[in-house]
Amino acid sequence: WENPDVRPTRQRLLVVANRLPVSAVRKGEDSWLLEINAGGLVTALLGVKEFETRWIGWAGVNVPDEVGQKALTKALAEKRCIPVFLDEEIVHQYYNGYCNNILWPLFHYLGLPQEDRLATTRSFQSQFAAYKKANQMFADVVNKHYEEGDVVWCHDYHLMFLPKCLKEHNSKMKVGWFLHTPFPSSEIHKTLPSRSELLDAVIAADLVGFHTYDYARHFVSACTRILGIEATPEGVEDQGRLTRVAAFPIGIDSERFIRALGVPEVQKHVKELKERFAGRKVMLGVDRLDMIKGIPQKLLAFEQFLEENPNWRDKVVLLQIAVPTRTDVPEYQKLSSQVHEIVGRINGRFGTLTAVPIHHLDRSLDFQALCALYAVTDVALVTSLRDGMNLVSYEFVACQDSKKGVLILSEFAGAAQSLGAGAILVNPWNVTEVAAAIGQALNMPAEEREKRHRHNFEHVSSHTAQQWAEFFVSELNDTIIEAQQRIRK
Ligand code: ADQ
């Protein structure tokens, strides 16, 4: 394998996601700077050695001219990435509109947009049309680069139409689709005006995957109740054609985090943080600044805890790292002001001239700084109102081998299914319950912390991102073989 000339041919895996794993910055008419975006999906697939991976997606920039498109295509090819070029109008209607304003809140049980319903209904049609058009543009690029025998793995709610577009072009293509968010109860999905068209498009895939068994069950119920098709033990069946539906819980590259803790730079960070917060217990929140992450609810719970426990006021600090996302959407701007207001109030009420109870950072941290923070934390607070899985809870556990800190985890995060026995599970909407959980975590005896941590650590270190990806793709390959055998019979 060391010598590329004697490397056996590996199956090609075309990973199609809205965003490519790199960000492109234009440096001149025909020159581009590329930076890797190290998200969960990227690290999951970087570790997969079994397949020859190609990425297909949008580079996150508008490139209207042909010279720029050609140069970017060439630069991306070196990173095994293939761009889909979307213009500003499509991005506005498809990505900001249909994906982020309609599907994202709906799938997290926040409902369809409430304000100015009439205007929303009118724009709904054009946003859905743009969504289908964008999915077709992704399909055109996949079709152009597809070679017989390739596996095509479509990701997330941005690309629910893609399996249908691909199968209409080539019914033999091996197509899988995985959803990173929750799939809601069929009663919620039913409210979506395009409910049937979306389901019908997804079941064109051969294999449909979710993080948890519950999401898979909701999807199957939505198909039976809305499309009127049959549920089978393997998935759903429409006119004799089976679509397999199953749970594939994602994991992290836990070794990468554990290794990082041994790096001198990280150890230096750890030492600085320990000195900085000596004598105080450290609580940590790391989230994208998104309404689904329940940041205001978390802050209110911390406020109630300080109110009810004056003896803890100078002995605990909450570090909340909230990286801004979708900053051009008014609802996210409102959330940001709300969070700042609550933080200001709590620090005003309980701070002293020398110390404040909350440090709130509006930015992303680099990997090493993040690992150091996880390592010095006594209590991590993950209070998502809904979350497909939540990788922050996994990352915290991976970095806690010396501290054996406590994880307070929302029962509405997919991770509650896997880390529930080790974490303190809470209903994030119940501020009083979360405040009590903070007290329980801070006062937990070492022996109980150790036991809970051991449970979580065993899970995190034995369910890795790489296994997740390899399992999904091998199940997809098997699904096709079984389907072929059924046809022969
Ligand atoms: P996200 O909603 O982005 O992912 P999550 O799973 O927690 O949520 O992953 C966030 C990633 O971003 C983590 O790797 C974390 O370290 C990093 N991150 C977050 N805030 C950061 C900050 N301030 N600085 C640096 N890094 C930060 C979606 C779904 C999840 C699902 C994943 C994977 O919403 O439910 O778990 O996809 O399927």
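All of the numbers you see were taken from the coordinates with simple rules; none came from a lab. Treat the numbers as computed from the prediction; the structure is a model and nothing was measured. Don't worry about glycine lacking a Cβ; one is built from the backbone with ideal geometry, like all the others, and counts go over all protein chains shown.
Observations, loosely collected:
- Under 5 Å from the amide H of residue 252 lie the amide H atoms of 465, each residue being 5 or more positions distant or on a separate chain, with H modelled from the backbone and absent for Pro and chain starts.
- Take each peptide in 74-85, 457-468, count the other Cβ atoms within 10 Å of every residue, and average; sorted highest first, the result is 457-468, 74-85.
- Share of alpha-carbon pairs per 5 Å distance bin for the range 365-489, given as whole %: 2, 11, 18, 19, 17, 10, 6, 5, 4, 3, 2, 1, 0
- Altogether, the Stokes-Einstein calculation at 25 °C and 0.890 mPa s, with the Kirkwood radius of the chain over Cα pairs as Rh, returns a diffusion coefficient of 102 µm²/s.
- Equivalent-ellipsoid semi-axes for the range 157-291 (Cα gyration tensor, √(5λ), whole Å, largest first): 43, 18, 13.
- Approximate spin-label separation residue 129-residue 443, in nm, with each point projected 7 Å along Cα-to-Cβ: 6.2
- Cα gyration tensor category, rounded, prolate or oblate, for the range 225-315 with a/c compared to 1.5: oblate
- Cβ-defined net charge surrounding residue 398, 11 Å radius [Lys, Arg +1; Asp, Glu -1]: -2
- For residue 189, the shell of other residues with beta-carbons less than 11 Å away shows a net charge of +2, using +1 for Lys and Arg and -1 for Asp and Glu.
- For the range 275-387, a Kirkwood radius taken over Cα pairs fed into Stokes-Einstein (25 °C, viscosity 0.890 mPa s) yields D = 169 µm²/s.
- All Cα pairs of the range 317-366, percent lying beyond 12 Å: 67
- Rounded if a/c under 1.5, otherwise prolate or oblate - the range 9-96, Cα gyration tensor axes: prolate
- Cβ crowding within 10 Å averaged over residues, with 313-321, 349-357, 410-418 ranked highest first: 410-418, 313-321, 349-357
- Radius, Kirkwood style, for the range 121-237 when every pair of distinct Cα atoms is counted (Å): 14.7
- Prolate/oblate/rounded label for the range 351-406 (Cα gyration tensor, a/c 1.5): prolate
- Pairs exceeding a 26 Å alpha-carbon distance, out of 271/404; 274/404; 271/315; 281/451; 133/174; 49/271: 49/271.
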